[in-house]
Amino acid sequence: MSVKPEAASALFAGPFALATLSAPESPAFPALVTPDAQVIDLRSALDDAALTMRGVLEGWDTVLPQLTALATAGPVRGALAEFRTHAPVEPRQVFQSGANYRQHVIDLHVAHRAPGDDRPEAERRAEAAEIMDRRAAEDLPYVFIGLPSAITGPYDDVVLPAWAEKPDWELELAAVIGRPAHRVSVEEALDHVAGYTIANDLTDRATVFRRDMPQIGTDWLRSKNAPGFTPLGPWIVPAGSIARPDDLRLTLKLNGETMQDESTKDMIFDVARMVSYASQTARLLPGDLVLTGSPAGNGMHWGRLLRDGDVMDASITGLGAQRTRCVAEEAR
């Protein structure tokens, strides 16, 4: 059984958002949601019975003006409370990012003290800050690949695998691609972003680094891609409704206690630089996600990892909120 956040005065910024919903015993459908929590079924409104959210995004240039018109005069199917909310899109590709918030990286650098490193904390913090400055100057974001199968809905339970010794939260701003992007410049990058959503990119800290052969480095398959390890949504809010993606507040509460509370101003590489960088190698497709890293305040920092029964409430300015409950695999 999933849990939903309490009603808020504003669901999201702007005149509408996009969601993937379903009625009981019925297939999911792409929907337009209005600020007063009314739902418009885009299959009927756009006269395409097979339409999916990815299809909406594939036709973004044509569809966006239609969505704007529907927001004020569309055929309402019902109230949002009547439907289940799923992850807003099924991407073909998920581009994840690490080490992109300055304070977060410094905290992790201090927490992951190498064996035999007895230097004072202040010295190790200064070293981490110097590394961050060098990375920013050399324009080298850290981007890797996640699995779409790890995505789950914004109110679904998160199953903590029995093998995950140190499951941790990572609230992130996610850019949703609306126009194909390949080798685009930083100046062009945001033209390829249809909108933004919320992602919680869970990580098992115990399996991030390979113990059998440290030279191999990180093991993102094991540590980040268990089923349900990426709660997504609830909405895709069009980019035009988010004036300053470089100044949004990310807040994550664990059982009501604030753990992460930071602005995207602390990003080392902003959304445009992340999208541009990923596109230099890969071809980004409509519906794909570019996660932009997590700010300070993860469980490793607090010395408190996720466990059975924990409830995470995550929000980002203008993008709504998600609530997910952790369920131990053994207890399920």
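Of all the numbered requirements in (1) open to solvent by less than 40 Å² (accessible area, probe 1.4 Å); (2) in a loop (DSSP other than H, G, I, E, B); (3) closer than 17 Å to T203 by Cα, D308 misses one, and that requirement is (1).
Scanning the stretch 56-78 for residues that are open to solvent by 30 Å² or more (accessible area, probe 1.4 Å) and either outside any loop (DSSP other than H, G, I, E, B) or closer than 20 Å to P234 by Cβ (or both) yields E58, D61, T62, L64, P65, Q66, T68, A69, T72, A73, V76, R77. Restricting attention to the stretch 101-139, the residues that are open to solvent by less than 50 Å² (accessible area, probe 1.4 Å), within 22 Å of the chain's Cα centre (by Cα) and at pLDDT 80 or above add up to 1.
Restricting attention to the stretch 150-182 and to residues that are over 14 Å from the mean Cα position of the chain (by Cα) and of a type in the set (G, A, S), the residue that is surrounded by the most Cβ atoms within 10 Å (Cβ to Cβ) turns out to be G178.
Looking only at the stretch 203-219, decide whether some residue is within 19 Å of T317 (Cα to Cα), open to solvent by less than 10 Å² (accessible area, probe 1.4 Å) and touching a helix residue (DSSP H, G or I) at 6+ places or on another chain (Cβ under 7 Å). Within the stretch 203-219, not a single residue is within 19 Å of T317 (Cα to Cα), open to solvent by less than 10 Å² (accessible area, probe 1.4 Å) and touching a helix residue (DSSP H, G or I) at 6+ places or on another chain (Cβ under 7 Å). Residue count for the stretch 79-100, restricted to those that are of a type outside the set (D, E), surrounded by fewer than 18 Cβ atoms within 10 Å (Cβ to Cβ) and assigned to a loop (DSSP other than H, G, I, E, B): 1. Checking each residue in the stretch 7-23 for being at pLDDT 95 or above and open to solvent by 40 Å² or more (accessible area, probe 1.4 Å) picks out only P15.
Of all residues assigned to the stretch 222-240, at least one qualifies as being surrounded by fewer than 23 Cβ atoms within 10 Å (Cβ to Cβ) and either part of a strand (DSSP E or B) or without any contact (Cβ under 8 Å) to a residue 24 or more places away in the chain (or both). Applying the condition of being among the aliphatic types (A, V, I, L, M) and open to solvent by less than 40 Å² (accessible area, probe 1.4 Å) to the stretch 24-44 and asking which residue is farthest from Q322 (Cα to Cα) yields L42.
Filtered by the rule that a residue be of a type outside the set (D, E, K, R) and assigned to a strand (DSSP E or B), the stretch 247-266 gives L250, T251, L252, L254, T258, M259, Q260, S263. Contact map, the stretch 124-150: first residue part of a loop (DSSP other than H, G, I, E, B), second residue aliphatic (A, V, I, L, M), Cβ cut-off under 7 Å, separation 6 or more or different chains; pairs are P141/M274; L147/V94.
A count restricted to the stretch 241-281 and to residues that are open to solvent by 10 Å² or more (accessible area, probe 1.4 Å) and among the aromatic types (F, W, Y) stands at 1. Put simply, of S276, S294, S315 the only residue that is under 16 Å from the mean Cα position of the chain (by Cα) and either under 15 Å from P141 (Cβ atoms) or not in a strand (DSSP E or B) (or both) is S294. If you take the residues of the stretch 154-200 that are in a loop (DSSP other than H, G, I, E, B) and among the aromatic types (F, W, Y), which of them is modelled with the lowest pLDDT? Within the stretch 154-200, the match that is modelled with the lowest pLDDT is W163.
The values are calculated or read from the model by the stated rules, or taken from the named source; none is laboratory data. Predicted, not measured: the structure shown is a model, and the values here were computed from it. Reconstructed Cβ throughout: ideal geometry from the backbone, glycine too, with neighbour counts over all protein chains shown. Heads up: the accessible areas ignore ligands, DNA and RNA and are worked out on the full protein's heavy atoms, side chains in. Shrake-Rupley method; radii C 1.70, N 1.55, O 1.52, S 1.80 Å.
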